[in-house]
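Shown next, in structure tokens, is the structure this report addresses.
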Amino acid sequence: MISVCPLSCWLPSNQTEGKASEPFFSYYDANIRMLRVKILCNLDASMKIKTMKKSIFILVAVLLAAYGNSQDTITTDNIVPLDAEGNITWQDVVRVPDQEQLDLYYKGIEWLNTYFPNAARVTRRRSPESGIIEGAHSIRLFDVHDEVRVPSGAVNYTFKLEFREGRFRYTITDFNVRAASRFPMERWLDDTGPFYNPANKAYLEQVRYEIEKMIESMTQYITRPPAPEEEDW
């Protein structure tokens with residue numbers, strides 16, 4: 001015969017009117033304690049998993065935000081090229097096959113005369129023997145107010161053209177801001193320094209535009225094929 005016991009048998013003996021048998025109570029009391037331990041362990045593991053998932057989600061969100069900001073941020077130091085010493089410098093070697101050094105040199109002189117209104121004042125050195133042309137020039141800067149360009153100073157720079165057989169090299173550097181006291185344009189690259197100005201980025205972009213336009217004009221002129229010689233009748 002199956003014995004039936006009231007639910008009160010599971011309670012401690014001091015909480016029941018009658019007294020349950022010790023073995024019976026001990027068996028169920030142990031089971032209840034084990035069940036409570038399992039439930040608590042499962043709850044603790046579940047909370048740890050939820051906490052870990054939340055931490056991973058927050059970390060991923062922070063990394064994505066940082067990546068997005070890094071892609072959208074354009075600092076002043078990547079607007080213009082820098083040499084190994086951190087000076088603003090454009091330099092490159094241009095190949096011109098089957099051209100003698102002297103021919104390339106005189107092409108450089110011709111280009112100077114077509115590009116600059118007063119090439120004689122721009123150049124400081126012209127040496128056909130060494131194949132070198134050196135000069136200095138300036139770029140005017142502008143602010144824009146209500147779609148009107150307003151002069152805002154100038155930047156001086158130097159250039160050097162070196163000609164050899166089949167190639168030439170240009171170097172454009174020594175950029176200095178012409179103001180009450182002249183200072184190197186590299187100061188505009190520091191977004192956190194005492195010389196920071198929101199307009200610095202626009203000024204650097206203006207300089208880049210003018211220098212790249214100059215390089216394109218120079219390269220196209222010097223690398224163009226020589227005019228065919230007229231046949232002597």
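Can you tell me how much longer the chain between R125 and D146 gets when fully stretched, taken as 0.36 nm per residue apart minus their C-alpha distance, in nm with one decimal? If you can, show how the numbers build up before the last one.
Numbers: separation 21, 0.36 × 21 = 7.56 nm, distance 4.26 nm.
Stretched out fully, the R125 to D146 stretch lengthens by 3.3 nm.
To the nearest 20 debye, what is the magnitude of the charge dipole of the range 93-233 about its Cα centre, counting +1 on the Cβ of each Lys and Arg and -1 on the Cβ of each Asp and Glu? Walk me through the numbers before you get to the answer.
Working: 19 positive and 23 negative charges, 146 e Å.
The calculated dipole for the range 93-233 is roughly 700 debye.
Once the Cβ-Cβ distance between N197 and T158 is put in as r, and R0 is 35 Å, what FRET efficiency do you end up with, to the nearest 0.05? The partial results should precede the final answer.
On the way: r = 24 Å, r/R0 = 0.70.
Calculated value: 0.90.
Just to confirm a number: summing +1 for Lys and Arg and -1 for Asp and Glu over residues other than I215 whose beta-carbon lies under 11 angstrom from that of I215, what do you get?
Numbers: positive: R208, K213; negative: D92, E210, E212, E216.
In short, -2.
Run the reach check for K201 against aspartates and glutamates, Cα to Cα strictly under 14 Å, same-chain hits fewer than 8 apart removed. What comes back?
D77, D143, E186, D190, D191
Once you have a ≥ b ≥ c as the square roots of the Cα gyration tensor eigenvalues for the range 110-174, tell me rounded if a/c is under 1.5, and otherwise prolate or oblate according to whether a/b is larger than b/c.
Working: a/c = 2.91, a/b = 2.61, b/c = 1.11.
Prolate.
Could you please report the charge total around V150, scoring K, R as +1 and D, E as -1 over all other residues with beta-carbon less than 14 angstrom from its beta-carbon?
Working: positive: R140, R149; negative: D143, D146, E147.
Spelling it out: positives minus negatives among the neighbours equals -1.
Which of L161, L82, L141 has the fewest other C-beta atoms within 10 Å, and how do the rest follow up to the most?
Details: L161 24, L82 13, L141 21.
Fewest to most other Cβ atoms nearby, the residues stand as L82, L141, L161.
Read the figures in this text as sums done on the coordinates, not as results from a lab. Because the structure is a prediction, the values reported are computed rather than measured. In this analysis, Cβ positions are derived from the backbone assuming ideal geometry, glycine residues included, and neighbour counts consider all displayed protein chains.
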